[in-house]
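One structure is given below, encoded as structure tokens.
The values are calculated or read from the model by the stated rules, or taken from the named source; none is laboratory data. Source: prediction; values computed, not measured. Glycine gets a Cβ as well: all are built from the backbone with ideal geometry, and neighbour counts include every protein chain shown.
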Amino acid sequence: MREPPAAAGVQLRRWRPEDLAPLLRHADDADVSRGLSTRFPHPYTRADGEAFLSGQVVDLSAPVFALEIDGEACGGIGVQPGSGERRHGATLGYWLGRRHWGQGIMTRVVAAFAPWVMDELGLYRLAAQVMTGNPASARVLLSNGFTEEGLERQAVLKDGMLHDLRCFSRLRAWPRPTTGGYTP
């Protein structure tokens, strides 16, 4: 697999064992964790970081990359590819350390990563879900060609509360056969 393109001041690269200290520094933040799945806990402990970097939390052989700014891993982006009848799609996820919020960084990263990963994996659908309490993440998706498709009500149980998820997708046109319909 090719490496993803850089995004104006941000290098996307594979996670490395030496990323543990910066991972802990940026991930152990309740505000960062608040908008993410329970796979990203708070507090974010050394054991959590070691489990992540060893591939126990997500498949690091998939397109899952660290965001490096000024020589330090300070966030991540990746996809979970679909399988079977959903092999034409993947689910996108990302996070960024709070120190870098409000600078348009994730918007630029998604702008570079989304078309790259769709081409690299031959995807026709890239989906993302955002907790309703995370409007900044929704803006990142909308500004990068994602369309809001709907709401999954009470979809996530986190921190003892049920949360709704806003659902987004970015599509690539499927070539239509002359006989009508889609044939994957």
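Identify the residue in the stretch 1-29 that is among the aliphatic types (A, V, I, L, M) and modelled with pLDDT of 95 or more and, among all such residues, is nearest to T132 (Cα to Cα).
Among residues in the stretch 1-29 that are among the aliphatic types (A, V, I, L, M) and modelled with pLDDT of 95 or more, the one nearest to T132 (Cα to Cα) is A27.
Can you name the number of the only condition in (1) at pLDDT 95 or above; (2) of a type outside the set (F, W, Y); (3) within 18 Å of L141 (Cα to Cα) that S37 fails?
(1)
Which residue, of E72, E149, is under 23 Å from G55 (Cα atoms), acidic (D, E) and at pLDDT 95 or above?
None of the others qualify; the one that does is E72.
Can you confirm whether the stretch 127-137 contains a residue that is at positive phi and not in a helix (DSSP H, G or I)?
Within the stretch 127-137, none of the residues are at positive phi and not in a helix (DSSP H, G or I).
Within the stretch 39-73, take every residue that is over 14 Å from the mean Cα position of the chain (by Cα) and in contact (Cβ under 8 Å) with a residue 40 or more places away in the chain and give me the one that is nearest to G9 (Cα to Cα).
I69
If I filter the stretch 153-161 for residues that are of a type in the set (V, I, T), out of contact with any Phe, Trp or Tyr (no Cβ under 8 Å at 6 or more places or on another chain) and not in a strand (DSSP E or B), do I get at least one hit? Let's see the steps before the verdict.
Taking the stretch 153-161 first, the residues of a type in the set (V, I, T) are 156.
Keeping just the survivors that are out of contact with any Phe, Trp or Tyr (no Cβ under 8 Å at 6 or more places or on another chain) gives 156.
Checking the rest, the ones that are also not in a strand (DSSP E or B) come to none.
The answer is no; no qualifying residue exists.
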